[in-house]
Amino acid sequence: MSDDDTQSCPPDPTRRKFLLTTGSSVAASMLATYVPALANSASGESASASSGPGPNIQGAVPITLRINGKDHELRIDPRTTLLDCIRETVALTGTKKGCDHGQCGACTVHVNGKRVLSCLNLALMNDGNEITTIEGLGTPEAMHPMQAAFVACDGYQCGYCTSGQIMSAVALLKEPCGPDDAAVKELMSGNICRCGAYANIVAAIQQVRRGA
């Protein structure tokens, strides 16, 4: 081989250069294929999302939840519980998720004036109902008498169950209940306090019942 032939030949490619060149070619090919598809998908999602209120959820259904006197027009998955809708969609986080199996009472709210466990109710079943959460019961400046009694009687410790306890206690005021502590304990048995503040909770409820 002559010197001219040697000079005309490209230098031997290294492994690093080979991988860099191959990788760049593959990446460019993939981008050319998928970027238009992604753009079309994004534009489709935007158009779908703009067609109605709420997130773009496959199979979503429109509902109107009246919570604390305010109507919320939503689009939700029909499997959404009232608890998750209140907390995650409407962002009223005073209602707590405890056991999520209807056993602890932390998620208690009022529906049409009666207490219900929101973790066991589908939001769809409450379309048009009057729903009250702890946020609609009173404010720090104008507390409901039951809220004030819980503060005065120290009817809480960690506070996680307190909103559910208060919602049940307020409902109890309109329910048939004997005058003694045992009757109160029976009607409040669905609300669990893991801190064990039961004596003070009963004292708070009795204070309100007696108008003290």
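Sequence-ordered 3J(HN,Hα) estimates for the stretch 189-205 from the Karplus curve with 6.51, -1.76 and 1.60 and θ = phi - 60° stand at 5, x, 10, 9, 10, 5, 7, x, 8, 4, 4, 6, 5, 4, 4, 5, 5 Hz, glycine and proline given as x.
Taking the convex hull of the alpha carbon positions in the stretch 101-212 and averaging its projected area over all directions gives 7.1 nm². Within the shell of other residues whose beta carbon sits under 12 angstrom from the beta carbon of G59, the net charge comes to +1, with Lys and Arg scored +1 and Asp and Glu -1. Applied to the stretch 78-83, the Karplus parametrisation 6.51 cos²θ - 1.76 cosθ + 1.60 on θ = phi - 60° returns per-residue 3J(HN,Hα) values of x, 8, 5, 6, 4, 4 Hz, with x for Gly and Pro. Annotation: Cα Rg of the stretch 147-202 relative to the compact-globule expectation 2.2 N^0.38 Å equals 1.03. Mind listing the long-range amide H neighbours of V109? Cut-off is under 5 Å, sequence gap 5 or more, other chains count too, H placed in the peptide plane at 1.01 Å from N. Under 5 Å from the amide H of V109 lie the amide H atoms of V116, S118, each far enough along the sequence or on another chain.
Listed by chain and number, the lysines placed with their C-alpha closer than 22 angstrom to that of K174 are K114, K185; residues fewer than eight positions away on the same chain are left out. Evaluated with a Cβ-only charge set (Lys, Arg +1; Asp, Glu -1), the stretch 96-212 carries a dipole of roughly 140 debye about its Cα centre, given to the nearest 20. Its relative contact order, with pairs defined as Cα atoms under 8 Å and 6+ residues apart, puts the stretch 112-209 at 34 percent.
Amide H contacts of H72 (H built 1.01 Å from N, in plane; Pro and chain starts excluded): L65, R66, I67 sit under 5 Å, all sequence-distant by 5 or more or on other chains.
Based on the Cβ-Cβ distance from A183 to C158, what FRET efficiency comes out when R0 is 22 Å, to the nearest 0.05? Show your work: numbers first, answer last.
Details: r = 27 Å, r/R0 = 1.21.
Given R0 = 22 Å and the Cβ-Cβ separation, E is 0.25.
Evaluating 6.51 cos²θ - 1.76 cosθ + 1.60 at θ = phi - 60° for every residue in the stretch 164-177, the Karplus couplings come out as x, 4, 5, 5, 5, 5, 5, 5, 4, 4, 9, 9, x, 8 Hz, glycine and proline recorded as x. Solvent-accessible surface of the stretch 124-212, taken per residue with a 1.4 Å probe and all protein chains present: 52 Å².
The values are calculated or read from the model by the stated rules, or taken from the named source; none is laboratory data. Quick caveat: nothing in here was measured; it's all calculated off a predicted structure. Don't worry about glycine lacking a Cβ; one is built from the backbone with ideal geometry, like all the others, and counts go over all protein chains shown. What goes into the accessible areas is simple: the full protein's heavy atoms, side chains included, and nothing from ligands, DNA or RNA. Shrake-Rupley method; radii C 1.70, N 1.55, O 1.52, S 1.80 Å.
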